[in-house]
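The structure appears right after this line, and notes come after that.
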Amino acid sequence: MEATLLGAEVLAPGRVLIELEAGGLRSAFEVHVAGDSCYVDEPGGSTALVELPRFPDPSAAIPPGSLTAAMPGSVTRVAVAEGDRVTAGQPLLVLEAMKMEHPVTAPTAGVVTALHVTVGQQVETGAVLAVVEDQPAPDRGEPDAS
């Protein structure tokens, strides 16, 4: 479906009202820019658009096996240390958010290669809490039972 621009009006610096028609329906959108974000408001809601770098800094990438905070909260318990071998589903730490405890468990068996939090620490959404690398269990050299 093709849209036709009916008009655009500058409301203030960085704020524009755009009117479009598509399929016989007319819609108005208010667009404003704040920092690196662009917000498009219309009667049905608002959408935020954030410009991403074309060539992201590779050092900013999250390491594989990273466990991140799903919401802001406070670390109330840490049950492992760096170097500990863990099993899939094993509780690693607990976050308290909105007066509820949210356990963070190992997604797979492996080794805790990094632990970025301590008890009492406040974390933001997306913060890397720990890194669990999938590593096979060491061969204990036990004789074959055949």
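Output the residue which, of all residues in segment 42-85 that are of a type in the set (A, V, I, L, M, F, W, C) and over 22 Å from the mean Cα position of the chain (by Cα), is surrounded by the most Cβ atoms within 10 Å (Cβ to Cβ). Taking the candidates together, the pick is 80. Listed conditions (1) surrounded by 13 or more Cβ atoms within 10 Å (Cβ to Cβ); (2) at pLDDT 90 or above are all met by residue 9, apart from (1). In the set (1) closer than 30 Å to residue 135 by Cα; (2) modelled with pLDDT under 90; (3) in contact with a Ser or Thr (Cβ under 9 Å, 6 or more places away or on another chain); (4) of a type outside the set (Lys, Arg), the condition left unmet by residue 51 is number (1). For segment 34-50, the set of residues classified as more than 19 Å from residue 5 (Cβ to Cβ) and assigned to a strand (DSSP E or B) consists of 34, 37, 39, 45, 46, 48, 50, listed by residue number. Annotation note: of 120, 141, the sole residue that is part of a loop (DSSP other than H, G, I, E, B) and either in contact with a Cys (Cβ under 6 Å, 6 or more places away or on another chain) or at pLDDT 95 or above (or both) is 120. Reported count of residues in segment 85-117, each being among the β-branched types (Val, Ile, Thr) and either outside the structural domain of residue 75 (by TED's automatic domain parsing) or in a loop (DSSP other than H, G, I, E, B) (or both), is 3.
The values are calculated or read from the model by the stated rules, or taken from the named source; none is laboratory data. Predicted model only: the values in this text are computed from it and were never measured. All Cβ positions, even for glycine, are placed from backbone atoms using ideal geometry, and neighbour counts span all protein chains on display.
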